[in-house]
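Only one structure is covered here, and it is reproduced in the block below.
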Amino acid sequence: MRDLSGNYEKFHREAERAAQAVKSAKSVLVISHIDADGITAGSIASLTLERLGIEHSTVYEDKITEEVVDSVNSNTDDLVWICDLGSGYFSEFTKEGLLITDHHVPDTRKKSGQTTLDLFSGVYHVNPHRFGIDGSVELSGAGATYMVSKQIDPRNTDLAYLALIGAVGDFQDSEGPGLTGLNRVIVDDAFAAGDVIPEMDLRLFGRETRGLVQFLQYSNDPELPGLSNSSQNCVKFYSDLDIRLAKNGKDRSWNDLSPAEKERAVDKLIDLLGDSDASKRLYGEVYTLPNFDKGTGLRDAKEFATILNSCGRYEDAETGMRICCGDITALKDAERNRAEHRKNISSALTYVKENHLMRERRFIQYFDAGDSIRDTVVGIVAGMLLNTDVAKKGLPMIAFADADDGIKVSARADRSLVNRGLNLSEVMKKAAEFVGGFGGGHSVAAGATIPRDKKEEFLDTVEDLVSCQVI
Ligand code: C5P
Ligand code: ZN
């Protein structure tokens, strides 16, 4: 194994510098991303500042635009703290008093006038990628933010569970049997604080809030042959195992089952999938949040993250942040967002399938949703489609949706392609810049915005780049 200890040490040193900068600031503007990772990151930053008694405000952005760059560069607070965003546009910022806690692939262009003395300037860039640590798997934006928060005050480990939700929200747990790398420190901190119980279980969505039948029926990652999309077969699955679907007239959820019942069901599902990649994805570490009530959806990290995502994608990140900051009454507002989110995602999936929008080229597959799918959810839809039979796992998925400022592009790929050399962040960045747009992200999930008339040229460039990367 590579000895990464030097990298971790360098990463922590940068977090330490950043912690000093935060502590000496009198006023701070926090800017964070609108997804679950961003909302937990923004909440960690805000709670940390509140505990220090530092005047601050928090805003949420879905991406870094020219306006965001301008507002950062002209900001007069002592410090602008950008979470889960910003690394990809690092060279654009001129603000002195800038902290970025992010895990997106950093922009490697030098800032104008940048020198090695930057280490001593008022710019702090806490990103695992900078230190040879894989930010797509080992640490999220909330995780990087948490690392600074913990440096500021070791008592902030009571915020570790938020960083864990951020990592799960970015699917960092699903690359292997559970969270790894620096994320493991976060799991340990959250466990020690009594906020999270890691356990081995099915990694299907809805352990707390879905009825038993829907829990299997709506599973799409992995798909369960014969069970996904068939409520009838799911009912039979449980009755064959002598597991009752309801108790005292109330539907049972997966987490209502006894350990023995769970074991029977898990064994049968693993048999069904055999020794496959799907079976490894099906069963692994999950994270229960014991301090939240049963059935609320806040008791399971994946469900908690989905609630936050559904707030952010509908311009309501603030409601998500209220929940993270302990205001459980905000859950009602979040439920409204969630219901809308669920409806939109499901109709978007149907829309792509029924209108046969999927197109295939030699090295990529793509669809153009036009104005029928919101640009903020098209990436989620693209990711979900990758696990269905309308798509091919072996090809990166590119999705287009109309946006106010051009065409929004979302790109998703199976990790096996990344292992063969694919880096969607680089593809999106280069192809978008080639046609006059901008983009970035992670190796498995990235995005871009391009001018309206450049779709074909963009696709050609994407295909060229992908064909060069993947061996
Ligand atoms: O929007 P979507 O979910 O497809 O974004 C996937 C990833 O790509 C996110 O992490 C997002 O921050 C990043 N992205 C980016 N620049 C863009 C669009 C998306 O860095 N213009
Ligand atoms: Zn993130």
**Study point:** Failed criterion for THR40 (all others in (1) surrounded by fewer than 18 Cβ atoms within 10 Å (Cβ to Cβ); (2) within 16 Å of ligand 1 (Cβ to nearest atom); (3) not small (Gly, Ala, Ser) hold)
**Key:** (1)
Review point. Just one of the numbered conditions (1) crowded, with 20+ Cβ neighbours inside 10 Å; (2) polar (S, T, N, Q); (3) outside the structural domain of PHE292 (by TED's automatic domain parsing) is not true of ASN337; which one?
Key: (3)
Check your understanding: Since GLY421 meets every condition but one in (1) on the phi > 0 side of the Ramachandran plot; (2) within 10 Å of ligand 1 (Cβ to nearest atom), which condition does it not meet?
Key -> (2)
Check your understanding: Going through the range 436-470 one residue at a time, which ones are buried (at least 20 other Cβ atoms within 10 Å of the Cβ) and either away from ligand 1 (no atom under 13 Å from the Cβ) or not in a strand (DSSP E or B) (or both)?
Key -> GLY437, HIS442, SER443, VAL444, PHE458, LEU459, VAL462, LEU465, VAL466
Point to revise | Options ARG412, ARG452, ARG374; residue that is modelled with pLDDT under 95, not assigned by TED's automatic domain parsing to the domain that holds SER91 and not polar (S, T, N, Q) | key: ARG374
Review point. Condition test on ILE54, is it under 24 Å from the mean Cα position of the chain (by Cα) and at negative phi?
Key: no
Review point. Does any residue of the range 145-158 turn out to be under 17 Å from the mean Cα position of the chain (by Cα), within 16 Å of ligand 1 (Cβ to nearest atom) and crowded, with 24+ Cβ neighbours inside 10 Å?
Key: yes
Exercise for review: Look through the range 23-37, keep the residues that are in a helix (DSSP H, G or I) and farther than 20 Å from ALA446 by Cα, and return whichever of them is nearest to ligand 2 (Cβ to nearest atom).
Suggested key: LYS23
**Study point:** Residue satisfying condition, being within 16 Å of ligand 2 (Cβ to nearest atom), over 17 Å from TYR146 (Cα atoms) and assigned to a helix (DSSP H, G or I), within set TYR89, TYR60
**Key:** TYR89
Check your understanding: In the range 148-180, how many residues are touching a helix residue (DSSP H, G or I) at 6+ places or on another chain (Cβ under 8 Å), in a loop (DSSP other than H, G, I, E, B) and under 18 Å from HIS104 (Cβ atoms)?
Key -> 3
Practice item. Kindly indicate whether GLU175 is of a type in the set (D, E, K, R), within 16 Å of ligand 2 (Cβ to nearest atom) and within 17 Å of SER87 (Cβ to Cβ). Key: no
Practice item. Please indicate, with yes or no, whether at least one residue in the range 43-50 is closer than 24 Å to GLY379 by Cα and within 16 Å of ligand 1 (Cβ to nearest atom). Key: no
Review point. So which of THR65, THR40 is more than 16 Å from ligand 2 (Cβ to nearest atom), of a type in the set (S, T, N, Q), in contact (Cβ under 8 Å) with a residue 60 or more places away in the chain and within 24 Å of ASP170 (Cβ to Cβ)?
Key: THR65
Practice item. Determine if the range 170-182 includes at least one residue that is aliphatic (A, V, I, L, M), touching a strand residue (DSSP E or B) at 6+ places or on another chain (Cβ under 6 Å) and modelled with pLDDT of 95 or more. Key: no
Point to revise | Where GLN214 falls short, out of the listed (1) closer than 22 Å to SER258 by Cβ; (2) polar (S, T, N, Q); (3) in contact with a helix residue (DSSP H, G or I) (Cβ under 7 Å, 6 or more places away or on another chain) | key: (3)
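The values are calculated or read from the model by the stated rules, or taken from the named source; none is laboratory data. Keep in mind that what you see is a predicted model, and the values were worked out from it rather than measured. For neighbour counting, all protein chains shown are included, and Cβ atoms are generated from backbone atoms with ideal geometry for every residue, glycine included.
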